[in-house]
1. Would it be correct to say that ILE92 is at pLDDT below 95, farther than 19 Å from PHE50 by Cβ and not polar (S, T, N, Q)?
2. Say we look at the range 26-39 and pick out the residues that are part of a loop (DSSP other than H, G, I, E, B) and not hydrophobic (A, V, I, L, M, F, W, C); which of these is surrounded by the most Cβ atoms within 10 Å (Cβ to Cβ)?
3. Name the one entry in TYR102, TYR49, TYR106 that is exposed (fewer than 14 other Cβ atoms within 10 Å of the Cβ), aromatic (Phe, Trp, Tyr) and in contact with a Lys or Arg (Cβ under 8 Å, 6 or more places away or on another chain).
4. Checking ALA96 against (1) closer than 17 Å to GLY33 by Cα; (2) surrounded by 21 or more Cβ atoms within 10 Å (Cβ to Cβ); (3) among the aliphatic types (A, V, I, L, M), which test does it fail?
5. Could you please let me know if ILE42 is buried (at least 17 other Cβ atoms within 10 Å of the Cβ) and of a type outside the set (D, E, K, R)?
6. Of all the residues that make up the range 53-87, how many are within 17 Å of ASN37 (Cα to Cα), among the hydroxyl-bearing types (Ser, Thr, Tyr) and loosely packed, with under 15 Cβ neighbours inside 10 Å?
Amino acid sequence: MKKRQSNKGSKLGLENAVSAAYKVVTKDMKSLGLRRNPNIIIYPEGEWYFLPREKVVPGKGDYGGIWVARSLSAAKMLNKYMKEKYSVSTRIFRAAIGDVLYQNSYRIKTDRIKLGEEIIL
């Protein structure tokens, strides 16, 4: 897949990113564990996190990728859902992502992620 560069990515230090999206994590930087996902990831700020190659599974299945919101509004909806349904406070980050393994109208599945600027609501 051809890599794209944009001015927005450059401002975040994410020049080599394929694309950008939004990642919602818990206050302690863990994945949300939605859809009963037992594989909780702790994301480092400002560094690439790579899913191990043997765990990458293209396609719409929940397993085998890192899910991100395509837009800030989708991330805000997820933030609201976590707060109302589970009383869990979250953080939203603009993120660079790697290869797109699957996407729909509101989320993207990828193999790697780098958290950039935190979005303060």
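The values are calculated or read from the model by the stated rules, or taken from the named source; none is laboratory data. Keep in mind the model is a prediction, meaning the values are calculated, not measured. Reconstructed Cβ throughout: ideal geometry from the backbone, glycine too, with neighbour counts over all protein chains shown.
1. no
2. Among those residues, the one meeting the criterion is SER31.
3. On the way: TYR102 fails: exposed (fewer than 14 other Cβ atoms within 10 Å of the Cβ); TYR49 fails: exposed (fewer than 14 other Cβ atoms within 10 Å of the Cβ).
It is TYR106.
4. (1)
5. Against the criterion (buried (at least 17 other Cβ atoms within 10 Å of the Cβ) and of a type outside the set (D, E, K, R)), ILE42 does not qualify.
6. Total satisfying the criteria: 2.
The rows are residues; the columns are (1) assigned to a helix (DSSP H, G or I); (2) acidic (Asp, Glu); (3) under 23 Å from ARG53 (Cα atoms).
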position	(1), (2), (3)
LEU78	yes, no, no
TYR81	yes, no, no
VAL88	no, no, no
ALA96	no, no, yes
LEU101	no, no, yes
